[in-house]
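Worksheet: the structure to be examined is printed underneath.
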Amino acid sequence: MSLGMVWRYSLFLAKEIITPYHAVQKTITKDQHALGHRLIRKRGPKGNMRVVSTIPKNKARAFTCSLNKELSGDYSCSPIDKIEKLNQKLKGWSQFYCHTDFTAKVYSKIDRAVFWKLAYWFAVKFKTSIKKLMIKLLRRLEPGKAKTWVYFGRSNKGNLCGQSLFRLVSSLKRPFRWRLPESNPYCRDEMRNTVS
């Protein structure tokens, strides 16, 4: 594929799929799904209809099931590595959906499921009750933030460190602002010498 074709294709994506506020504004009459987002028309604060992007229910349900599967079994793994693996998935998911609207309800459901499934995983691993674990491991990292599991110990590699569970309700939400690039990012004007 030539650079010109890649540039034209990226412009097509930018104009037709990624910009729901410009290209899709007049065409959406019912629920539509594009690139893992649910696009609907909703009445705005000034009374006009606008396009909003939300998280599809089946995507949230599948993500929750994958996290539950991750926390079912494998009790020989270190809690540090288990929490780190969960954090990677949760942070990636929150980055993908950082520009969507109405995320609070979906995020709270996923957080609740992961929070209590991890509590059960800790209870089985350490052969103790969830109540004792909550007294020992539940902390608020910053004022105004949600409480989360904080564990200090050794990882599978033997490193002594601490790890806290990432909460989706504490993740940042960014407004979507579309801007076309000034020039073609695939064409370079300067000559680069790659010979060293």
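The values are calculated or read from the model by the stated rules, or taken from the named source; none is laboratory data. Values in this document were obtained by computation on a predicted structure and should not be read as measured data. Quick reminder, even Gly has a Cβ in these numbers, built from the backbone with ideal geometry, and neighbours come from all protein chains shown. Heads up: the accessible areas ignore ligands, DNA and RNA and are worked out on the full protein's heavy atoms, side chains in. Shrake-Rupley method; radii C 1.70, N 1.55, O 1.52, S 1.80 Å.
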Could you grab me the full set of residues in segment 79-99 that are open to solvent by 70 Å² or more (accessible area, probe 1.4 Å) and either of a type in the set (A, V, I, L, M) or not in a loop (DSSP other than H, G, I, E, B) (or both)?
Glu84, Lys85, Gln88, Lys89, Lys91, Gln95, Phe96
In this structure, does Ala14 turn out to be at pLDDT below 85, in contact with a Leu (Cβ under 8 Å, 6 or more places away or on another chain) and under 27 Å from Ser94 (Cβ atoms)?
yes
Which condition from (1) over 17 Å from Ala146 (Cα atoms); (2) surrounded by 19 or more Cβ atoms within 10 Å (Cβ to Cβ) is the one that Lys57 breaks?
(2)
Of everything in segment 162-180 that's at pLDDT below 90 and surrounded by 11 or more Cβ atoms within 10 Å (Cβ to Cβ), which residue is farthest from the chain's Cα centre (by Cα)?
Trp178
From the set of residues in segment 100-152 that are among the basic types (Lys, Arg) and closer than 30 Å to His37 by Cα, which is least open to solvent (accessible area, probe 1.4 Å)?
Lys117
Take the conditions within 20 Å of Val169 (Cα to Cα), out of contact with any Gly (no Cβ under 6 Å at 6 or more places or on another chain) and either part of a loop (DSSP other than H, G, I, E, B) or open to solvent by 80 Å² or more (accessible area, probe 1.4 Å) (or both) and apply them to Lys69. Does it pass?
no
What are the pairs, 6+ residues apart or on separate chains, where a residue within segment 144-156 that is touching a residue at least 40 places away in the same chain (Cβ under 8 Å) has its Cβ under 7 Å from a residue that is open to solvent by 20 Å² or more (accessible area, probe 1.4 Å) and assigned to a strand (DSSP E or B)?
Trp149/Leu138; Trp149/Ser164; Tyr151/Gly162; Tyr151/Gln163; Arg154/Leu160; Ser155/Cys161
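Here's the yes/no breakdown for (1) at pLDDT 95 or above; (2) closer than 30 Å to Ser53 by Cβ:
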site: Thr100; (1), (2): no, yes
site: Thr103; (1), (2): no, yes
site: Leu118; (1), (2): yes, yes
site: Arg140; (1), (2): no, no
site: Lys147; (1), (2): no, yes
Please specify each residue of segment 101-143 satisfying the condition of being of a type in the set (Phe, Trp, Tyr) and in contact (Cβ under 8 Å) with a residue 60 or more places away in the chain.
Tyr107
